[in-house]
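First up is the structure itself, then whatever we jot down about it.
Read-outs throughout are calculated quantities, based only on the coordinates presented, and are distinct from any laboratory measurement. Since we're looking at a predicted model, the values are computed, not measured. Here the Cβ positions follow ideal geometry from the backbone for every residue, glycine too, while neighbour counts run over all protein chains shown.
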There are 2 protein chains.
Amino acid sequence: MKIYIALVHYPVLNRKGETITSAVTNLDIHDIARVAATYDLEAYFIVTPLMEQQELVRELTGHWIDGGSPNSDRKTALSMVRITPSIDETCKQIEAETGSCPLVIATTARHRNKTVGWTELRTKVEAAQELNEHASMLLLFGTASGLAEPVFEQVSGVLEPIEPQRLYNHLSVRSAVAITLDRLLGNCR
Amino acid sequence: MKIYIALVHYPVLNRKGETITSAVTNLDIHDIARVAATYDLEAYFIVTPLMEQQELVRELTGHWIDGGSPNSDRKTALSMVRITPSIDETCKQIEAETGSCPLVIATTARHRNKTVGWTELRTKVEAAQELNEHASMLLLFGTASGLAEPVFEQVSGVLEPIEPQRLYNHLSVRSAVAITLDRLLGNCR
């Protein structure tokens with residue numbers, strides 16, 4: 001199974017619950033690209049409709065990919081980054097590559113109905129790996145205060161929050177991506 | 001069992017393998033404090049012998065703790081940060097608090113002899129929780145290119161690398177801390 005992740009900058013919520021387009025950050029690009037490379041994903045999509053933000057991502061990654069940097073590890077990681085204007089366009093790219101629509105799974109820090117459990121999703125991924133299926137999965141992560149409501153209505157499933165029973169529930173999206181990929185794809189099970 | 005983590009800025013290695021003191025970064029403080037709060041640790045130590053760097057950490061955390069910031073979640077997380085000049089001094093603080101020396105476990109991205117396995121350490125932590133022991137554990141994470149050799153000679157154990165069989169092996173320390181705490185303390189098992 002081919003696994004993709006997308007870091008979504010629109011549509012996401014701000015702290016007041018309003019729908020915004022968040023700004024891309026250099027560290028989100030680097031940290032998450034390194035996690036994506038570690039767990040051997042197909043690609044890491046940065047989703048933003050803003051042209052100048054897309055250009056910024058190209059500049060920030062280009063420095064490492066084409067700039068003759070001696071840090072080839074970073075180059076490997078940043079080469080996984082792709083830029084798309086929307087979640088829909090991301091799915092289309094994956095479909096063009098794999099021949100079928102990906103299973104799209106949203107992530108959230110809040111309790112929601114109809115969530116997919118960790119074990120259930122991991123089992124599904126493992127089953128698809130064994131069958132060597134051409135299936136693909138796209139995991140969506142929201143920046144700012146998380147994905148906006150309409151996203152949840154379009155996806156195939158919503159993954160259970162990371163530690164829902166804990167008092168403190170405010171991981172950075174970078175930490176959430178690392179933990180999620182380790183839980184679904186890590187070898188320490 | 002009381003669990004502590006330390007982000008070590010000295011002694012660590014640079015890319016050439018030389019021992020250096022690395023600089024503290026704002027994002028290491030924030031991201032790791034939020035992970036520490038999520039997994040309900042006792043404290044998160046920032047270890048640096050440099051007085052001006054210690055002062056910088058105080059400024060960066062003080063803004064959120066005392067500055068009247070409306071973000072109380074961030075305040076909760078950053079209140080876990082403590083500053084110590086060395087690993088030894090960190091152990092002494094824990095001993096003063098708990099009555100005994102902590103079990104000190106180093107982390108590494110490279111294969112080493114005598115590593116403690118993930119399941120072994122998790123089982124040990126769970127057993128200590130159940131017995132309600134006054135035991136404590138300090139997990140050490142190296143910044144830059146990782147902890148310097150003398151650290152490994154002083155610790156009680158070295159934790160197995162995160163995904164040692166993978167081709168790409170260059171997670172950020174922020175991602176490594178998130179994955180490590182989830183593997184040892186997370187409820188998704």
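Summarising the overall dimensions of the protein assembly as shown from its C-alpha atoms, the Rg and Dmax are 20.6, 62 angstrom. Dividing the mean sequence gap of close Cα pairs (under 8 Å, 6+ apart) by how many residues region B:2-185 holds gives a relative contact order of 31 percent.
Just going by the charge dipole of region A:51-189, with Lys and Arg at +1 and Asp and Glu at -1 on Cβ, which of A:LEU147, A:ASN187, A:MET51 is farthest out on the positive end? The one lying farthest along the dipole's positive direction is A:ASN187. Relative to the 2.2 N^0.38 Å rule of thumb, region A:2-185 has a C-alpha radius of gyration ratio of 1.00. Computed about its Cα centre, the charge dipole of region B:2-185 is approximately 480 debye, with only Lys, Arg, Asp and Glu carrying charge at their Cβ.
Of A:LEU78, A:LEU139, A:LEU27, which is the most mobile in a GNM of chain A whose springs link Cα atoms less than 10 angstrom apart? Of the options given, A:LEU27 has the highest mean-square fluctuation.
In this label model, A:GLU59 and A:SER100 are separated by 4.2 nm, measuring between points 7 Å along each Cα→Cβ vector.
Each copy carries a label point for B:LEU50 at 7 Å from Cα toward Cβ; from one copy, the others' points are 3.2 nm away, ordered from shortest. In the elastic network of chain A, a GNM with C-alpha springs shorter than 10 Å, the most mobile of A:LYS16, A:LYS75, A:LYS92 is A:LYS16.
Comparing B:LEU131, B:LEU13, B:LEU41 in a Gaussian network model of chain B, where Cα atoms under 10 Å apart are tied by springs, the biggest mean-square fluctuation is seen for B:LEU131.
For A:ASN113 paired with B:GLU130, estimate the spin-label separation in nm (one decimal), with each label point 7 Å from Cα along the Cα-to-Cβ line. Going from the A:ASN113 label point to the B:GLU130 one covers 3.9 nm.
Multiplying the residue separation of A:THR21 and A:ASN71 by 0.36 nm and subtracting their alpha-carbon distance yields 14.8 nm.
Could you list which residues have their amide H under 5 Å from that of A:THR108, counting only those 5 or more apart in sequence or on another chain, with H placed in the peptide plane? For A:THR108, the qualifying residues are A:LEU159.
The 3J(HN,Hα) values that the Karplus relation (6.51, -1.76, 1.60; θ = phi - 60°) gives for region B:145-152 are, in residue order, 9, x, 4, 6, 3, x, 4, 5 Hz. Gly and Pro appear as x.
Determine the calculated [θ] at 222 nm for chain A from helices alone, applying -39500 (n - 2.57) to every DSSP H run no shorter than 4 residues and normalising by the residue count; nearest 500 deg cm²/dmol.
Taking each H run of at least 4 residues, the total per residue is -13000 deg cm²/dmol.
Which pairs break 31 Å Cα to Cα here: A:LYS92/A:LYS114; A:LYS75/B:LYS92; A:LYS124/B:LYS2; A:LYS2/A:LYS114; A:LYS2/A:LYS75; B:LYS2/B:LYS114? If you can, show how the numbers build up before the last one.
Values: A:LYS92/A:LYS114 25 Å; A:LYS75/B:LYS92 41 Å; A:LYS124/B:LYS2 36 Å; A:LYS2/A:LYS114 24 Å; A:LYS2/A:LYS75 21 Å; B:LYS2/B:LYS114 24 Å.
Result: A:LYS75/B:LYS92; A:LYS124/B:LYS2 exceed 31 Å.
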